[in-house]
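The values are calculated or read from the model by the stated rules, or taken from the named source; none is laboratory data. Computed from a predicted structure; not experimentally measured. We place every Cβ from the backbone using ideal geometry, glycine too, and count neighbours over all the protein chains shown.
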Amino acid sequence: MAGKIEKSHTHFLRAVDGEEWELWAFSESKRARFVRRLSTPTEAPGATVVALPVERTVAFPAWLATSDRSVIPEILRLQLEKRGLISKNSGDAVVEYRVIDTRENQTLAVATILQPEFPAELTFEQASRFEPAAYTFPLPLDRLIIWREKGRLAVAATRGREPVIFQVLSDRELSETAALELKCIVFQLHVQRLCDRLLGITLWGDFSAEEGDRLQRCLGLKVTRDAVPPPSLPAIHSKLLPPEVSLLHAQKRRRRLISFGIGVLTAVYLLGILGLVGYIYWQRFVADRLSRRIQAQAPTVAAIEGTAERWRQVEWAVNPKLYPVELLYQVSQLLPPDGLRLTGLEVQKGKVIVRGEATTAPAAFKFAEDIKANPDLQMFTWSMPSPNLRPDGRAEFAIEGDPKFAKIN
């Protein structure tokens with residue numbers, strides 16, 4: 001009965017007599033369960049194994065004079081080229097080979113060729129692989145089996161339980177013409193020793209008693225009728241994958257690779273963002289820790305700064321270079337032999353004022369520059385306003401020096 005499929009199940013699609021398709025599900029126990037009918041194969045819910053209708057394949061059985069399985073594909077390919085089933089230089093032909101029986105130095109093998117014109121309705125991405133329909137049935141022992149699919153009569157002959165031929169009949173009904181065609185097939189099987197014996201004919205599906213009697217009279221084989229059995233998954237997977245579907249699978253793999261690459265890049269980007277956020281929080285933590293340490297050391301730093309300030313305040317009293325006499329001595333050493341004389345030197349709250357007279361204003365500026373350049377007077381920042389010119393042409397100047405280290409209030 002119809003139902004839903006779990007994701008762990010295998011989907012299976014096969015043709016029926018008409019335009020619809022049957023969807024089956026195989027559980028882990030490999031038992032088939034009918035799900036529903038589909039109008040088109042593309043309605044399959046996921047990856048699906050598709051039973052290739054018999055009309056889409058050509059089966060070629062042959063006895064080969066070898067037991068070396070490694071050379072069987074090449075020998076069969078030569079036979080197919082000889083009969084025109086594939087072209088000599090065709091590399092696009094989709095062919096697979098199966099060994100049915102081996103006797104002494106002979107091997108019975110069956111080549112299955114995919115028809116070159118593949119139907120568009122079966123060209124869909126969900127088709128994971130294709131299996132010839134004859135290999136998806138639990139075939140009866142040494143029988144001629146006939147069933148309907150896609151409005152055609154399909155026939156398969158078994159050697160043991162392995163199909164050696166499978167094809168469609170030219171007539172769409174089990175008429176006298178179809179019976180004669182089946183008789184030719186049985187004759188070919190015997191002539192080519194493909195089937196040692198046929199125990200009878202099995203009709204699967206909706207066949208009348210009259211059609212069964214007609215076959216029994218024409219072929220001389222017992223005819224039985226039965227319902228089309230549930231499908232079975234073949235132990236050997238088929239390699240008959242059409243190029244059109246292979247292209248779809250390749251495009252799907254590329255999309256997966258692109259999606260995977262995008263996912264990796266997204267993950268790397270997110271990791272980078274997380275790393276950056278973590279780094280910011282870590283730096284904030286380090287900054288907070290340093291801030292707390294600075295705050296803890298603030299009283300000590302303040303005490304040190306206070307002590308340093310007090311030392312700067314008393315530097316005028318303890319540093320000999322800042323004694324007024326020493327300053328006068330350093331300034332007087334820079335006086336030129338003539339043209340300039342000092343009139344006073346004052347120290348007011350650490351600021352030094354040197355007063356004097358020069359015969360010319362340039363001489364006063366020259367003296368100020370010499371004071372600025374003296375290494376022993378670099379603890380001051382020296383400046384000189386414009387000198388005052390007297391009526392007799394002499395220039396009165398005042399050179400001021402501000403201490404760089406401290407000021408005394």
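Conditions: (1) touching a residue at least 24 places away in the same chain (Cβ under 8 Å); (2) surrounded by 14 or more Cβ atoms within 10 Å (Cβ to Cβ). ARG69 meets all but one. Number of the miss? It is condition (2) that ARG69 fails.
In region 314-322, the count of residues that are surrounded by 10 or more Cβ atoms within 10 Å (Cβ to Cβ), touching a helix residue (DSSP H, G or I) at 6+ places or on another chain (Cβ under 7 Å) and among the aromatic types (Phe, Trp, Tyr) is one or more. Looking across ASP142, ASP92, one residue alone is modelled with pLDDT under 95 and over 40 Å from the mean Cα position of the chain (by Cα). It is ASP142. When ALA178 is tested against (1) under 53 Å from the mean Cα position of the chain (by Cα); (2) free of Cβ contacts under 8 Å to residues at least 60 places away in the same chain; (3) within 21 Å of VAL16 (Cβ to Cβ), only condition (1) is not met. Residue count for region 96-153, restricted to those that are among the aliphatic types (A, V, I, L, M), part of a strand (DSSP E or B) and without any contact (Cβ under 8 Å) to a residue 40 or more places away in the chain: 2.
Scanning region 131-173 for residues that are closer than 23 Å to THR107 by Cβ and surrounded by fewer than 20 Cβ atoms within 10 Å (Cβ to Cβ) yields a count of 6. If you go through region 57-71 one residue at a time, do you hit one that is more than 32 Å from the chain's Cα centre (by Cα), assigned by TED's automatic domain parsing to the domain that holds GLN126 and assigned to a helix (DSSP H, G or I)? Checked region 57-71: no residue is more than 32 Å from the chain's Cα centre (by Cα), assigned by TED's automatic domain parsing to the domain that holds GLN126 and assigned to a helix (DSSP H, G or I). So, of the residues in region 103-130 that are modelled with pLDDT under 90 and closer than 21 Å to ALA62 by Cα, which turns out to be surrounded by the fewest Cβ atoms within 10 Å (Cβ to Cβ)? Per the stated criteria, the residue is GLU104.
Considering the conditions (1) surrounded by 10 or more Cβ atoms within 10 Å (Cβ to Cβ); (2) more than 40 Å from the chain's Cα centre (by Cα); (3) without any contact (Cβ under 8 Å) to a residue 24 or more places away in the chain; (4) part of a helix (DSSP H, G or I), LEU274 is excluded by exactly one of them, (2).
Among residues of region 72-106 being out of contact with any helix residue (DSSP H, G or I) (no Cβ under 6 Å at 6 or more places or on another chain) and of a type in the set (Val, Ile, Thr), the one that is farthest from ILE236 (Cα to Cα) is ILE75.
Within region 301-313, is even one residue in a helix (DSSP H, G or I), surrounded by fewer than 10 Cβ atoms within 10 Å (Cβ to Cβ) and at pLDDT below 90? No, region 301-313 has no match at all.
Residues in region 346-397 that are touching a Leu at 6+ places or on another chain (Cβ under 7 Å) and within 13 Å of GLN330 (Cα to Cα): VAL352, VAL354, PHE367, ASP370, ILE371, ASN374. When you look at VAL35, is it free of Cβ contacts under 8 Å to residues at least 40 places away in the same chain and of a type in the set (A, V, I, L, M), yes or no? For VAL35, the condition - free of Cβ contacts under 8 Å to residues at least 40 places away in the same chain and of a type in the set (A, V, I, L, M) - is met.
Just one of the listed residues (LEU233, LEU247) is surrounded by 10 or more Cβ atoms within 10 Å (Cβ to Cβ) and in contact (Cβ under 8 Å) with a residue 24 or more places away in the chain, namely LEU233. Scanning region 45-56 for residues that are crowded, with 20+ Cβ neighbours inside 10 Å, of a type in the set (A, V, I, L, M) and either outside any strand (DSSP E or B) or in contact with a Phe, Trp or Tyr (Cβ under 6 Å, 6 or more places away or on another chain) (or both) returns VAL49, VAL50, LEU52, VAL54.
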